[in-house]
Each structure stands twice: as structure tokens, then as C-alpha cells.
Amino acid sequence: MSKEVLDTHYKRLADRYDDFLYYSPEFVRTLTSKMIEMLELHETDTLVDLGCGTAMYSIDMIKQAPLKEEIIAVDPYPEMLAQIPQDAKVRAVEADALDFSKRPGSYDKILIKEAVHHIPEREVLFKNLFERLNKGGILLLVHVPPKVEYPIFEKALERCRNWHADPDELVEQLKKANFRVERDALRFPHAIPKHRYFEMVRSCYMSALTSLDENEMEAGLKEMEEKYHDNSVLRFIDHFDYLKGIK
């Protein structure tokens with residue numbers, strides 16, 4: 001995925017990101033509960049949320065597992081970081097993941113939620129993060145695989161298949177960086193009013209949609225209208241791979 005597409009996507013979507021991607025408190029809490037479990041969070045841990053966006057997951061984790069130190073929330077887009085509430089126990093750092101991984105520092109836990117597929121230099125990133133982690137530290141990737149079950153049009157599904165990282169490949173890259181890897185998954189059932197989901201698609205709530213041109217989006221929305229003509233609610237499963245690298 002090109003940097004131009006990512007820049008356009010996150011700068012344009014920033015002020016509506018949580019409106020579209022938060023889904024529901026139940027959704028966020030389901031994901032963060034499993035993050036806390038797999039990160040083995042302790043109150044003394046130093047946690048980095050790498051590619052944090054609006055830090056919605058960090059903020060919910062703090063509610064369940066209070067940490068003594070602020071979460072270090074790293075994102076390359078100031079527009080996204082600006083959405084973090086002022087009173088959140090989060091320290092915002094404007095940097096891309098690879099650049100941050102090269103900076104001096106030591107951490108206990110690192111979370112990368114749905115951002116690793118944006119980073120082509122993953123082997124270098126994982127090697128750097130292995131060096132940044134303390135002994136026994138954990139890097140957790142929470143990742144949507146290439147084959148998604150979203151009720152979007154075929155061109156967008158194809159783009160996801162081509163752009164999302166293969167979880168098997170991610171496991172091998174983590175092992176190559178000397179991580180011991182454990183693997184799990186989570187499936188969350190959504191039920192979203194059709195008009196709401198169509199609004200999300202029109203607004204290109206996924207970066208894969210931002211990569212499509214106006215004609216492709218128009219044709220895709222027409223395809224969806226025909227396919228879901230008789231549906232008032234769209235029901236689908238969100239699958240997340242949880243890949244845990246242990247130092």
C-alpha cells in the first residue's frame with residue numbers, strides 16, 4: 001500500500017475514525033480483554049501502542065488494567081493523535097513504527113493493532129522491536145487476515161486479499177527475529193444497520209477503500225445495493241489473529 005494512500009486515508013478520516021471503527025463498547029472490550037490477557041499486563045509494565053491511531057484500545061485497556069506509567073501511544077499522523085482525550089493516561093508520540101523502533105528505549109510490552117500490514121520492512125521492524133523489549137517482553141500483533149468476511153463489494157475484497165499480511169508469514173518473520181511465537185484468534189459478530197454500513201463504505205472507512213478510484217467505488221456501491229437490497233441489517237464476522245512474540 002502506497003504512502004500516498006495511507007496519508008490520504010488517515011488525514012481525511014481522523015475526526016470520524018472512532019465514529020466508524022469503535023463499533024460498540026462490547027466490541028472494543030472484547031478485543032482489549034484478549035489483548036490484556038495475551039500481553040500479560042502488569043501494573044509496572046511499560047506499554048507501547050505502536051500505530052495507535054486515536055488510542056481507543058489503549059484507553060480501554062487502562063480502564064481494566066491500570067498501569068503506573070503512561071501508555072506510549074505512537075502514530076505518524078498528528079491528525080489521529082489529536083483525537084486522544086486530553087485526560088487520557090497516554091503519552092502521544094508522533095513517529096512511524098519503523099523510525100520509533102530505531103530509537104533508544106526499553107519496554108515490557110508492545111501492541112500493534114491492525115497496522116503491521118502498512119509496514120513493508122517488517123523483518124527489520126521485528127528485529128528492532130526485539131532489541132527494544134526487556135527480557136520476557138511481549139510483542140502482540142492483532143491483525144485482520146487477507147480473507148475478510150465483510151459485506152463489501154468484490155473489488156474491495158480483492159484489495160484486502162492482496163494487501164493484508166498473511167498471518168503465517170508474520171509468524172515466520174517473528175520467529176526469524178528470535179521471538180518465540182504463540183497464536184490465537186478472536187471472531188466478533190457484527191450486526192450493523194445497512195444504511196450505517198453503506199455510509200461507512202462511502203466514507204472509505206478502510207484504507208483498502210481509499211485506494212480505489214471514484215468509478216470503482218461507484219460501481220462497488222451499486223453492487224452492494226443489488227446484493228443487499230432486501231437486508232435492513234448487515235450481519236458479518238470480524239476475524240482477528242492474535243500473534244504473540246515472546247522475547
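Where a number appears in this text, it was derived from the coordinates with a stated rule and is not lab data. A quick note: this is a predicted structure, and the numbers were derived from the prediction, not measured. Cβ: placed from backbone, ideal geometry, glycine included. Neighbour counts: every protein chain shown.
Observations
- Between 51, 23, 6, the Cα set farthest toward the positive side of the dipole of the chain (charges on each charged residue's Cβ, about the Cα centre) is that of 51.
- Using a cutoff of 8 angstrom between alpha carbon atoms and counting only pairs six or more residues apart, the relative contact order for the chain works out to 21 percent.
- Computed from label points 7 Å out along Cα-Cβ, the spacing between residue 15 and residue 246 is 4.6 nm.
- With the convex hull of its Cα atoms as the shape, region 129-233 has an orientation-averaged projected area of 8.3 nm².
- Selected from 197, 125, 151, residue furthest toward positive end of dipole (the chain; charges at beta carbon): 125
- Semi-axis lengths, Å, the chain, gyration tensor of Cα atoms, sqrt of 5 times eigenvalues: 30, 19, 18
- Using a Förster distance of 25 Å, the FRET efficiency for residue 106-residue 63 (Cβ separation, nearest 0.05): 0.45
- Fewest-first ranking of 44, 8, 32, using other Cβ atoms within 10 Å as the exposure measure: 44, 8, 32
- Highest-MSF residue in the chain out of 212, 174, 47 [GNM, Cα springs under 10 Å]: 212
- Simple spin-label estimate for residue 26 and residue 223 in nanometres, 7 Å along Cα-Cβ: 3.0 nm
- Length gained on full extension, residue 99 to residue 163: 20.9 nm, using 0.36 nm per residue less the C-alpha separation.
- Linear extension gain, residue 199 paired with residue 237, 0.36 nm per residue minus alpha-carbon span: 11.8 nm
- The translational diffusion coefficient of region 171-247, from Stokes-Einstein at 25 °C and 0.890 mPa s with a Kirkwood hydrodynamic radius over alpha carbon pairs, comes to 160 µm²/s.
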